[in-house]
Structure formats: structure tokens, C-alpha cells
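Undergrad: Structure incoming, see below.
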Amino acid sequence: MVNYGFVIDNRTCIGCHACTVACKSEHDVPIGVNRTHVKYIETGTYPNSSREFSVHRCNHCEDAPCTTICPTYALFTRDDGIVDFDNDRCIGCKSCMQACPYDALYIDPNEGTAAKCNYCAHRVEHSYEPACVIVCPTESIISGDLDDPNSAIALHIAENDVKVRKAEAGTKPNVYYVETSDAMLDPNASAVTGIGMWTDQAHGVGHFAKYADSRLAEADTPSMLVQLALEKKAKAANPRDQAIIRDVMAKLDEDSPKAVRAYDQPSKGILWDTEVAAYIATKAAASGLYALYWLTLFLFPDWHLMIGIEAVAATGLVLLGITGILLVKDLDRPDRFLYVLLRPNWSSWLVIGAYYITGFGAVLSAHIAIVLLGLDASLHPLLGGIGLILAILTGTYTGWLLKQAKGRSLWAERTNAKILAIGLLEMAFFGFITILCVPLLVLFVETAMSGQLGSQDLISTLLPVAILIGVVNYGFLHIRQGLREAQMQPLL
């Protein structure tokens, strides 16, 4: 069986970008995004400084996390080891971009679907080399069958000291680097600059690319400006201030990365933001409300005189409806949202979660049907057992979806116990606020329909609701900030 891979020889790479240009031409890659690109780093200080080049692209991993998290099999591993993609299946959910530890995927700004290096599969199938291999003037990119011991790529690996990027991620990448430095392979060893070629979309692509500025703010350029300003100030300062300034400069130099990126591809920005944070909150509110309803039924039975199962079910359905709208809105191909249910990849927690939400919504609808059809009320507790399980699954599954995003260590390294605890806490927080709001709103509606609504009723009902909504907003902002922090981590 064939197992294709690449070797990048950093000893001979001259950073000419011929591979990037050839790839763009071969696949008509839009401006602002790249399937393959060259990263430059500089180390040392003049005159003892050096520059290193390295070609980055999809690593065609044996255990590719992008194929696991993709909800519609738009990404898949071929029999020859190439990780390929199908545009016609992609819904633009961006989960593959979160899962890839190598930042190899992007959203095509023209199609709204994910794309990446596919090893020029259309060329390989006709016994041609990938475009980047053909065009490289120094033959620094070697392709071929890794499992054939007599192939040029296998011999190159056997005869040289090779490394892979992020071996600790457990993805088993099939791109090997000859005599590359740790500073080149480690994303945290050099400051992100966001400076590169074809950067018209310098803020990245996707829904929330505008937040790429936050990542660019981590670049070394501001530190350089501060350094220059301090040097200028030191020349005109008195001896005592000069000593203080030099101490500050020494501290800055000590804290700054030892390697500097002189050339990079643009940041893709924040991929999951407001919509995702909001849908986590709304589904937590729906599931938490339902769970707390049955819990309080046993602990505080008199309280249930103020609220019925029909109000809980109706509120839950409204919240789940909002959740669905937010989920669809976050997709770059919202017209394909049904693919999650119709073309499911059962290894993806996006699919599993979609079915949990659908099942929970069906239970809530059944509660309302029992009331409207005048059926036996004893059916509610029977449904409650199933509904309670589905509510907990609905409220907590996002944690395991985030855990599948191996590219984000803050999510991927969470334990199952922590994921469950965070999910239950979100359910308790948003569910408790909602369960306080529902009786007030029910009372407000009943009073309004009776024609006895006064200004005092308006204030006594809506003011507490407004306060509770403010508390919910605080929880939403906390979730969104957590999402952003995890996505600020550089991957390249």
C-alpha cells in the first residue's frame, strides 16, 4: 500500500516562494490564503545573525484530527495516505481549522468551504509529482511513498536527521524536515508578525477575522518600537535615568523571543466567537431549565404551582430554536446545514451534539403535545427520565467537541471530568437564571391578558427580568472570552 509524504530539506531551501506560487497557480488559490507557504525566522544579533526558511503545509497525518471532527466527511484520508477534501460536502463550520495543530486549513473566501494542500492528488493519480516539487529550484521538496524503503523520500529520511512538527500532538505527521531548528518548528519560539506575501486579507478569513488584530498585537514590532524609543530617551537622560532605562531594556530583551519571524502568512483571526458563545449559553439555558424543573419538583413541590411543564417546554423550545439559528448563522455555507443530519460523520461531536439537540427538542415537543391533546399527565414524568438524560447531554457535549480541536491546547488538554463539570456549571448558571425569569414572564403575560396590567406591575415584573438578563450577558461574555483566549495561541 502506498503512503505518500513530503521531506523538506532546510539545508537547501532558499525561501524563494516558488512552491507557494506554483501551488496558487495549480489550484487557483485566492488572494490572502495559501495551501503552502514559507516561514522565515531570524536568530542572533548583527553581525552574528542567521536566517532560516521552512516550507509549511498540510502534514497529511496518519491520525488526522480534521477528518475526525469534520461532521460531513468533507475531509477524509485516502488509501494512499493523502488527506483530501470534498468541496461539495463542506458546510463551512471551521471545526477542521480548530482541530489542525498545523494551521494548514483555511476557508476559501470565494466558496465558503474549507481547503488545504491535497498533495496535488489529481497529478499524483496520473504519475506526476506535486506542483511544488516540480518547481522547486533547489529540489528541497521531496515527495513519494514513505513505505517503500527504496524510494527517494524513504532513503532521504534514513540518511538524514529529520524532525516533524508537534510530534506531541499524536497526529503522526507525514511531512519531515531535514536539519531544521527547534525555533522554526515551535510556534511559541518566535513572535507572530502576520507579515507575508499576498496579504490583501491581512486580517484573515472567516466570520470573525477582524479579531486577527489581537494576534498581530503579539508581534515583535511594538517591542521594537519601544526599544527604539527607550534608546533615544536614554541618550538625553541624566545618568540615574539612563541606568533605569537600561534595566528596562535589559528586561525587555530577556523576555522577548530569541527568534524573530521575518516573514509569515497572515493570521486567520478568531474563528469561533459570538455565535458559538451565544449558542453555548442558549442550549445551556434550555437544558438547565429542564433539569432544574425536575430537580425542584422533588425538593420544592409547592414552587411548581407558579410554573407548569408546558411553560418549561415552550421556553426550552424557543431557546433551542435560537440555538439552531445561531449554529446555522455561524456556518460559511448555511445552505448546507442539513448535511450534519443527512451526511453524518459519527466520530464528530458536531454530529453527535446535533442529534442530542434534536432528541431533546422532540421530548420538549412531546410535553407540549400531551398538554394540547389533553393526554394523561402521568406521561410527563415518564418523558422526564429520557428528557433529563438528553438535557444533560445537550448541555455538556460542546466540551467534547472542543476537546476534538487538537490545535487548541487549552481545549484539547481538558480532562473528561473537567468538561463535565464546566458543562453542568453552565447548565446550572443559565438554567437558574431562566427558571427565575419564566414565572415572572408567565405572570406578566397572564396579567396583561386579563387587562389589569398597571405601571407598578410593569416595573415589578420587567425590572427583575432586565437584571437577570444582565447577569446572563455576563456569563455569555465570560464564555466568549474563553473561546478567544484558546484561539489566540499561535499554531505556526
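Undergrad: If only Cα atoms are counted, what is the Rg of the stretch 18-126, and what is its Dmax, in Å?
TA: Looking at the stretch 18-126, its Cα Rg and Dmax stand at 15.7, 53 Å.
Undergrad: For the stretch 274-487, state the average projected area of the convex hull of the C-alpha atoms over all orientations, rounded to one decimal in nm².
TA: Computed as one quarter of the Cα hull surface, the answer is 13.8 nm².
Undergrad: Full-extension gain between residue 489 and residue 299, please, as 0.36 nm times their residue separation minus the C-alpha to C-alpha distance.
TA: Here the answer is 63.9 nm.
Undergrad: So for the pair residue 382, residue 318, with labels modelled 7 Å out along Cα→Cβ, what separation do we get in nm?
TA: The modelled label-to-label distance comes out at 3.0 nm.
Undergrad: Ranking request for peptides 47-53, 351-357, 287-293, 470-476: highest mean number of other beta-carbon atoms within 10 Å first, then the rest in descending order.
TA: Sorting 47-53, 351-357, 287-293, 470-476 by mean packing, highest first, produces 287-293, 351-357, 470-476, 47-53.
Undergrad: Now for a different question. As an exercise, use a Förster radius of 41 Å and the Cβ-Cβ distance of residue 420 and residue 87 to find the FRET efficiency, rounded to the nearest 0.05.
TA: So the FRET efficiency works out to roughly 0.65.
Undergrad: Provide the packing ranking of 482-491, 5-14, i.e. peptides ordered by the mean count of other C-beta atoms within 10 Å per residue, highest first.
TA: So the peptides 482-491, 5-14, ranked by packing, come out 5-14, 482-491.
Undergrad: So which of 39/329; 116/163; 24/406; 163/329; 39/172; 283/406 end up more than 32 Å apart, counting from Cα to Cα?
TA: 39/329; 163/329
Undergrad: Let me ask you something else. For the stretch 396-445, just say rounded, prolate or oblate: build the C-alpha gyration tensor, square-root its eigenvalues into a ≥ b ≥ c, call rounded for a/c under 1.5, and beyond that prolate if a/b exceeds b/c, oblate if not.
TA: prolate
Undergrad: Please report how far the C-alpha centroid of the stretch 476-492 lies from that of the stretch 76-155, rounded to the nearest whole angstrom.
TA: Between the Cα centre of the stretch 476-492 and that of the stretch 76-155, the gap is 28 Å.
Undergrad: Over what distance in Å are the Cα centres of the stretch 2-34 and the stretch 360-435 separated?
TA: Value for the Cα centre distance between the two parts: 45 Å.
Quick note: the coordinates plus some simple rules give every number you see, no bench work behind them. What you are looking at is a predicted structure, and each value in this text was computed from that prediction instead of being measured. Note that each Cβ is placed from the backbone with ideal geometry, even for glycine, and that neighbours are counted across all protein chains shown.
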